[in-house]
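Report on the structure given below.
The values are calculated or read from the model by the stated rules, or taken from the named source; none is laboratory data. Predicted model, so just to flag it, every value in this text is computed and none were measured. Every residue, glycine among them, receives a Cβ derived from its backbone with ideal geometry; neighbour counts consider all protein chains shown.
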Amino acid sequence: MAKSARDCLLDSLENLEESELKKLKVKLNEFPVRNGYDNIPRGKLQKADALDLKDLLISYYTEEYAVQLTAEVLEAINCKDRAEELRAATGNRPLLRNSSNVHFIERHREALIQRTTPVEPVLDKLYGSVLTNEQYQKITAKETNPEKMRELYKLVPSWNLRCKDMLYEALKANIPFVVEDLEGR
């Protein structure tokens, strides 16, 4: 029987060395989280063992996001192998990348430029966390949706993985059928 996301998360946390677990807890407190979520307070994190930490993560972030966030933080503290193990164990798409390590939004650039309509709701989700006011204004000033997406894609090379994942999530929320179609390719 396949393990639940909770069990995989606990296994991942229990397999960390003491110093890695300590780094993870410190980084979790300061790591930028999705809009609508708060960081776990430092006091709760400091006292938590692996089991308590798993419960805190799930209660603060839900199962799916707890796994994703934990994997991102593991990468941030240079535990990349552990992050990949967690993603593989939970069936979480490894970094939204394919075997050649190209992110979904880069792999499907042309199709997303042509098929993203409307663009504004996607930009709204990125505003303030990924896009500055100036970038947002510059993109929305373009006349057509493809022009807006091309302008947005000019920023992608400077983005980290978190920003690319946020664009993916915004696209998935606003044009789910297009994203599903492209994921099937």
Review point. Given A71, A88, which one is within 16 Å of the chain's Cα centre (by Cα), small (G, A, S) and at pLDDT 85 or above?
Key: A71
**Study point:** the stretch 34-49, residues that are assigned to a loop (DSSP other than H, G, I, E, B) and more than 18 Å from the chain's Cα centre (by Cα)
**Key:** P41, A48, D49
Check your understanding: Can you name every residue in the stretch 126-138 that is crowded, with 16+ Cβ neighbours inside 10 Å and farther than 18 Å from A173 by Cβ?
Key -> Q135, K138
Review point. Is it fair to say I58 is in a loop (DSSP other than H, G, I, E, B) and of a type in the set (A, V, I, L, M)?
Key: no
Check your understanding: Is it fair to say L123 is surrounded by 16 or more Cβ atoms within 10 Å (Cβ to Cβ), of a type in the set (A, V, I, L, M, F, W, C) and within 16 Å of L155 (Cβ to Cβ)?
Key -> yes
Review point. Just for the stretch 1-33: of the residues that are assigned to a loop (DSSP other than H, G, I, E, B), within 21 Å of the chain's Cα centre (by Cα) and exposed (fewer than 15 other Cβ atoms within 10 Å of the Cβ), which one is modelled with the lowest pLDDT?
Key: S4
Review point. Mind checking which residues of the stretch 152-161 are buried (at least 17 other Cβ atoms within 10 Å of the Cβ) and either among the basic types (K, R) or at pLDDT 95 or above (or both)?
Key: L152
